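The values are calculated or read from the model by the stated rules, or taken from the named source; none is laboratory data. Everything quoted here is computed from the prediction, not taken from an experiment. Ideal geometry is used to build each Cβ from the backbone, glycine not excepted, and the neighbour counts take in all protein chains shown. SASA here: full protein model, heavy atoms, side chains in, ligands and nucleic acids out. Shrake-Rupley method; radii C 1.70, N 1.55, O 1.52, S 1.80 Å.
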Amino acid sequence: MSGEYVSDSHPADAELERYRHSTAHIMASAVKSLSPEAKLGFGPAIEDGFYYDFDVPEPFSPEFLGEVEARMAAIIEADEPFERQEMAREEAIEFFRGRGEALKVEHLETDLLDGTVTLYRHGDFVDLCRGPHLARTGEVNPAGVKLLSIAGAYWKGDARNRMLQRIYGTAWKDKKELDAYLERVEEAKRRDHRRLGRELDLYNTYEDSGPGLVMWHPKGSKVRAIIEDFWRREHERAGYDYVYTPHIARGGLFERSGHLEKFSEMMYNPMDIDGIDYYLKPMNCPAHILIYSSRGRSYRDLPMRFCELGTVYRYEPSGTLHGMLRVRGFTQDDAHIFCTPEQFEDEVVGVLDFVEMMMRTFHYTFTRYLATRPEKYLGDAATWEGAEAGLRRALERRGSDYVVDDGGGVFYGPKIDYKLIDALGREWQGPTVQLDFNLPERFDMVYMAPDGTRKRPVMIHRALLGSMERFIGGLVEHYAGAFPVWLAPVQARVMTVTDAQREYAESVVGRLKEAGLRAELDGRNEKVGLKIREAQVQKVPYSLVVGDKEVAAGTVAVRKYHTKTTETCTVEDVADRLCREAASKELLVGGD
Ligand SMILES: [Zn+2]
Ligand SMILES: [Zn+2]
């Protein structure tokens, strides 16, 4: 249901949340009236809808949803008021015990220890609830309500508890909004990177090799290699140095970095090498610090910017693994910048410019967040304030709008986060520029200042794409699999009408390849209509058809993906056009 893609949900506005949660109560009362033995679990509003959990002897049937919808319409029609009532906790326990609501009793006894609780009532339905609610059931528009699915869900999300039946629904102000939402859900399914990944033969995960471990097939690898080449060129231009570091390291390194203490639940068990514990690295930072500290550094050496496409391994529970978006091994486009406090602000400006150039290249829009000092933090308040002021000045120097995420920083430093907005308007967790007061201390990092004293460098962690897996998985959904020409694993497919054009078609492929393009031949003994359809399904940007007429004229019939028109061009013209389109990095469908 919601959250199939891993996204930070939009903070639902309070009014919509009240509307949806009230609809959840109406649904629960409909379920209780149809199935009085159902015991109430929880029923919150969620992104784009709501759910309600019920403890029932038998799972609900799919037909049941229709009955519930009909009963909900009657409850809305009856226009019953929602009434709030306060009750002493002890009294509420007895009240719900009397109604046979065992889960409510348990919740009251174990979680709600305050003296007074609130109940909401409409008709003869009563729920333990903080509210708020609408004034009356009649304020819900039944035309905007739809029950979507039934799923099993553990009480309180804990697999040791009993399995409940969860009904998901959605509620909008009217039918038009509901239909638009259902269309977005369908579009998201059409764009699902797991499905497109298989259909376009880009990548997959295999039970045989282990869940959450991605195999990049040749076409997905091509896309990745193009992005990595671009990434390397741009890093070189921005003054970074590449480094490569091993996948494993001795436990001592991660003890010193604090990862074994703070992140051990995401690290895999060690392996024994010569009697010493070695761990798969969960992060690249400690290795980059070793390189920094491999010799004495002076202020003249700074800033130093190390970048690495570094593969890391982190434990994710199997239930949370999701296609390319949540995996157990992934390659970060990582970098660490070490600089003097005086250089810090310029460095941040440089990183922000870099981030935004990259995100625009991939046609994302974004929102910036400045995450400030959390309640528990390392270091002193003055250092934090200085660093936060530096981040603010960097944002302001660029004229960048940003939202302050008060207290949203990590314990070891403030950061600037980006949230990306994709073609469907969904928000994704994007690049992060993170300041670190912790690791330079732990590793006793120093540089020689102009006055001859030893000083701590400032350390910035930053990733532009996040990980190749997650970024490309997200990109597949963003582009609906139709990669811009510069990224398309195959840019042009040449198709023969009959076998008579084979030799000419091969020469066309050869000339396109000479022009540096990725072209292939479909010379199968099939109808050309079928070949064109298949190329469209594979989302190949350009289909080039050659029949006898084209052979005689030395041309090709060109058809772009997602269009129905064909034009006749010389091979040179097509090659020029594709090269220009690749250089522009423009969208394949739509346009900027
Ligand atoms: Zn409620
Ligand atoms: Zn790092």
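Numbers at a glance
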| item | result |
| --- | --- |
| Residue identified as touching a residue at least 60 places away in the same chain (Cβ under 8 Å), touching a strand residue (DSSP E or B) at 6+ places or on another chain (Cβ under 9 Å), surrounded by fewer than 15 Cβ atoms within 10 Å (Cβ to Cβ) and basic (K, R) among R166, R162 | R162 |
| Where a residue in the range 491-506 is acidic (D, E) and its partner, wherever it lies, is open to solvent by 30 Å² or more (accessible area, probe 1.4 Å), with Cβ under 7 Å and at least six apart | D499/N525; E506/L521 |
| Sole exception among (1) open to solvent by less than 60 Å² (accessible area, probe 1.4 Å); (2) free of Cβ contacts under 8 Å to residues at least 40 places away in the same chain; (3) part of a strand (DSSP E or B); (4) not β-branched (V, I, T) for D272, by number | (1) |
| So L321, is it touching a Gly at 6+ places or on another chain (Cβ under 8 Å) and either open to solvent by 10 Å² or more (accessible area, probe 1.4 Å) or in the same structural domain as V446 (by TED's automatic domain parsing) (or both) | yes |
| Residue satisfying all of: in the range 30-42; closer than 24 Å to N141 by Cβ and surrounded by fewer than 23 Cβ atoms within 10 Å (Cβ to Cβ); nearest to ligand 2 (Cβ to nearest atom) among these | K32 |
| Number of the condition not met by E86 [criteria: (1) within 16 Å of ligand 1 (Cβ to nearest atom); (2) in contact with a helix residue (DSSP H, G or I) (Cβ under 8 Å, 6 or more places away or on another chain); (3) closer than 17 Å to V126 by Cβ] | (2) |
| First in the range 39-68 and without any contact (Cβ under 8 Å) to a residue 60 or more places away in the chain and within 16 Å of A24 (Cα to Cα), second anywhere and open to solvent by 40 Å² or more (accessible area, probe 1.4 Å) and part of a helix (DSSP H, G or I), Cβ under 6 Å, 6 or more apart | A45/E17; E67/L34 |
| The range 117-148: number of residues that are open to solvent by less than 30 Å² (accessible area, probe 1.4 Å) and within 26 Å of A78 (Cα to Cα) | 17 |
| Residue tally, condition closer than 19 Å to F306 by Cβ and either among the hydroxyl-bearing types (S, T, Y) or not assigned by TED's automatic domain parsing to the domain that holds L395 (or both), over the range 333-378 | 1 |
| Check on E396, at pLDDT below 95 and surrounded by fewer than 16 Cβ atoms within 10 Å (Cβ to Cβ) | no |
| Where R121 falls short, out of the listed (1) in a helix (DSSP H, G or I); (2) under 17 Å from G138 (Cα atoms) | (1) |
| Lone qualifier among R511, R533 - being of a type in the set (K, R), without any contact (Cβ under 8 Å) to a residue 60 or more places away in the chain and surrounded by fewer than 19 Cβ atoms within 10 Å (Cβ to Cβ) | R533 |
| Candidate set from the range 552-564 (those that are part of a loop (DSSP other than H, G, I, E, B) and within 36 Å of the chain's Cα centre (by Cα)); member that is surrounded by the most Cβ atoms within 10 Å (Cβ to Cβ) | Y561 |
